Structures are given as C-alpha cells and as structure tokens.
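Comments concern the structure below.
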Amino acid sequence: MEIDVQKGLLAANERLAQENRSLFARSGLFVVNIMSGPGAGKTTLLERTCETLAARLNIAVIEGDLQTSEDAERIAAKGVHAVQINTGGGCHLDAKMVQGALKSFDLDALDLLIIENVGNLVCPAAFDLGESARVMLLSTPEGDEKPIKYPLMFTRSQLLIINKMDLLDYVDFDVKRVEGYAKKINPGIEIITVSAKTGEGMEGWYGWLTGKLEKKS
Amino acid sequence: MAIILLEMVEGEAEKAGIARVTSVKVRVGASSGVVPDALGFAFEAAKDDTMASSAKLLIDEIPARGFCRECSKDFSTFPFRYTCPVCFGLDIEIRETGDELTLMSIEGE
C-alpha cells in the first residue's frame, strides 16, 4: 500500500515559528536570532549590548547551548532577564524550544528579545524561530573564506557583524574579501565591523538595533 | 533531519494503519542544506526499532535551476549563481529554488 504524503520535513517547525511570530507581533516585540560558530563572541557582544542599552530598553535574552547555564548567568549579571535552553545534544535551537522558553517572559513588557543560538555555522540557518531578524557574527580569527564555505547561514541573515577587529593585525583576515563573498551570495546583507572587547564599532550595532525598533513602532 | 523524517513517517503510517514501512520517498533540493548521502546514512542508523526498520529510503534529488531570459539558456543556480553562465545576463527566471525538503510518500503493509 502506498500512501501519498507530500509534507515538508520542516513543516512542523515552520508552524511553531509562525505561532511565535504572531505572539511577538501581538506584543510589538522585536526579536533577533544571533548565530555564529563557537567562540565568535556572541555572548560578549550581548554583555556589552546589555550594559549599554538596558537602561533605555526593556531587553530579555534566550541563551542556547548544549550544556551549562554559563551564558545565561553572564547576561543575568548585567541585570537582564536571561533564560537558558540546554539542547542536550542538539546542535541548534528550534521553534519548539523557543516557544517553551517564552513562558518565562512577560512579552508585553519587553522592547527587544535576543536569542543567542547554539554556536554552529551549519544547522541554525535551517530552523526558523519566528524571529524578526537574523544576525550572523563572524570573528577575524575564523578566516575570511567562511561565507563561501557556509553559504546557507550567510544567505539567511540580514546583518553580518565582523567581530574581534582588535585582532586584525595578528590574523590573516581580509575584510574586503569577506564583504565581497557575503554580498555575492546575499546582495542585501548589511555588514558592520566591531570589537565587542574594545567597543570599537559597537555604536554601529546599537544604531542598527535602535533603528529597527524605531521602524517597528 | 533523519529523526524528523522518521517521526513523520511513523505518524503517517499510524494514520494509514500501516504496521511495517517498506519504503520512504523524499525530495531533497540542492539548496536545502541537506546532503542526500548524509540523510541516507543517518536514516539507516536511526530507523532501528521503529516501524521503518526495514524501510528503504528513496531520495529524489531536485536541482536548483534558473533560466536566462536573454539567451534562453537553462542552468544550475547552485550554489548561488544568479547570472547567466553563458551570456552573463542578469534577467534570470528562477525555475526551481532548490529549497525543497518533502516527504512524498510511504509504502508498507
């Protein structure tokens, strides 16, 4: 007996992602999904962001890691409500995990929700979480050929942040080459360069965020 | 992805009253991010102790295709080629996005 199915494998995740999207829209909440390889500096970037913006914006953070609550604790130390999702062995966050974590927040009271995805340049790109925007972080020690090696991640992001600019003198990293590759595979992608450690360029990131929030309201 | 697939297969089998799945047909697009060989390998590993333990996975690979309106050439847009490889024209029609990832059918008894 042959049964016709014709259902997308990611249909279930898509449905939950749209549910999340509707919840966020109802609360007027701007949600960012930050992705990168492990160690690119997502959490440090978020620590600096919380330090600078938490005074004028109601921010909350969802942290995704296989194990530990290290990252959520770092964010909480900055006075921002952070919830940790531990995937156990899963290499990416999905819409169901995020939906579960949303119960910990009063969404109506928030302006900005940042979801820090599991450090991974492959899988997170395929799983819609219901976010308003996807941001990719690439650090200078990782190499400038990453956009063509891991294209899906770069195609599906609206903003690319090049981090660890303070290390540029010590690594082989050509910013113009990365910009060229990224724009080739995603012509609409915006690119900014920062050092979350020294603060260089961070105003550009804050400006991007506040600009998006203003457009929403 | 293999686990998502198996869960869908089991769900459909239960709905149709199938106790033992003998084959699973999927369509995997070239730009979907899924590698057919990897899916096949993972499926073989994950299907033990499920209704699909003796099922064969048949993968229909769908290429990502574009058509150049300027010189009428059909070409592959994977991975991220959106200008014509023959005349370098920019007036391209996307015939197949290559994003597809679909469970088409299951067979069993």
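Within 26 Å of A:A125 (Cα to Cα), facing another protein chain (nearest Cβ under 9 Å), assigned to a loop (DSSP other than H, G, I, E, B) and among the aliphatic types (A, V, I, L, M), is that true of B:V34? Spelling it out, B:V34 is indeed within 26 Å of A:A125 (Cα to Cα), facing another protein chain (nearest Cβ under 9 Å), assigned to a loop (DSSP other than H, G, I, E, B) and among the aliphatic types (A, V, I, L, M). Examine region B:7-15 for a residue that is part of a helix (DSSP H, G or I) and touching a helix residue (DSSP H, G or I) at 6+ places or on another chain (Cβ under 9 Å), and state whether such a residue exists. Yes; the residues of region B:7-15 include at least one that is part of a helix (DSSP H, G or I) and touching a helix residue (DSSP H, G or I) at 6+ places or on another chain (Cβ under 9 Å).
For first residues located in region A:199-217 and more than 14 Å from A:K164 (Cβ to Cβ), partners that are of a type in the set (D, E, K, R) and in a loop (DSSP other than H, G, I, E, B) and lie 6+ apart or on another chain with Cβ distances below 8 Å form the pairs A:L213/A:D111. Note on region B:75-91: among residues that are of a type in the set (A, V, I, L, M, F, W, C) and open to solvent by 60 Å² or more (accessible area, probe 1.4 Å), the one that is nearest to the chain's Cα centre (by Cα) is B:F78.
Checked against the criterion of being within 14 Å of chain B (Cβ to nearest Cβ) and among the charged types (D, E, K, R), the candidates A:D65, A:D106, A:D111, A:D4 yield just one match: A:D4.
No other residue among B:I18, B:I3 is open to solvent by 40 Å² or more (accessible area, probe 1.4 Å) and of a type in the set (A, V, I, L, M, F, W, C) apart from B:I3. Among residues of region B:18-45 that are within 20 Å of B:I106 (Cβ to Cβ) and free of Cβ contacts under 8 Å to residues at least 24 places away in the same chain, those with a Cβ under 8 angstrom from a residue that is open to solvent by 10 Å² or more (accessible area, probe 1.4 Å) and not in a loop (DSSP other than H, G, I, E, B), sequence gap 6+ or separate chain, pair up as B:G40/B:L57; B:G40/B:I59; B:E44/B:L57. Against the numbered list (1) within 30 Å of B:A13 (Cα to Cα); (2) touching a Phe, Trp or Tyr at 6+ places or on another chain (Cβ under 9 Å); (3) of a type in the set (D, E, K, R), B:D74 comes up short only at (1). One residue stands out in region B:54-72 among those that are in a loop (DSSP other than H, G, I, E, B) and touching a residue at least 24 places away in the same chain (Cβ under 8 Å): the one that is farthest from B:M8 (Cα to Cα), namely B:R69. Among the residues of region A:1-24, those identified as assigned to a helix (DSSP H, G or I) and either surrounded by fewer than 15 Cβ atoms within 10 Å (Cβ to Cβ) or among the acidic types (D, E) (or both) are A:A11, A:E14, A:R15, A:Q18, A:E19, A:S22. Is it true that A:I192 is farther than 25 Å from A:M97 by Cβ, surrounded by fewer than 19 Cβ atoms within 10 Å (Cβ to Cβ) and at pLDDT 90 or above? The answer is yes for A:I192.
Of the residues making up region A:170-186, those that are open to solvent by less than 100 Å² (accessible area, probe 1.4 Å) and either within 14 Å of chain B (Cβ to nearest Cβ) or in contact with a strand residue (DSSP E or B) (Cβ under 8 Å, 6 or more places away or on another chain) (or both) number 9. Of all residues in region A:25-64, those satisfying the criterion of being open to solvent by 50 Å² or more (accessible area, probe 1.4 Å), in a helix (DSSP H, G or I) and not hydroxyl-bearing (S, T, Y) are A:A25, A:R26, A:R48, A:E51. Only residues that are touching a Leu at 6+ places or on another chain (Cβ under 8 Å) and farther than 19 Å from A:M202 by Cβ: list them for region A:150-171, please. Passing the criteria: A:Y150, A:M153, A:F154. Take the residues in region B:95-106 that are open to solvent by 50 Å² or more (accessible area, probe 1.4 Å) and in contact with a Lys or Arg (Cβ under 8 Å, 6 or more places away or on another chain), then tell me which one is nearest to the other protein chains (Cβ to nearest Cβ). The selected residue is B:E96.
The values are calculated or read from the model by the stated rules, or taken from the named source; none is laboratory data. The model shown is predicted, which means the values in this text are computed figures rather than measured ones. Cβ coordinates were reconstructed from backbone atoms using ideal geometry, including for glycine residues, and neighbour counts include every protein chain displayed. For the accessible areas, the whole protein counts, side chains as well, though only heavy atoms, and no ligand, DNA or RNA atoms are used. Shrake-Rupley method; radii C 1.70, N 1.55, O 1.52, S 1.80 Å.
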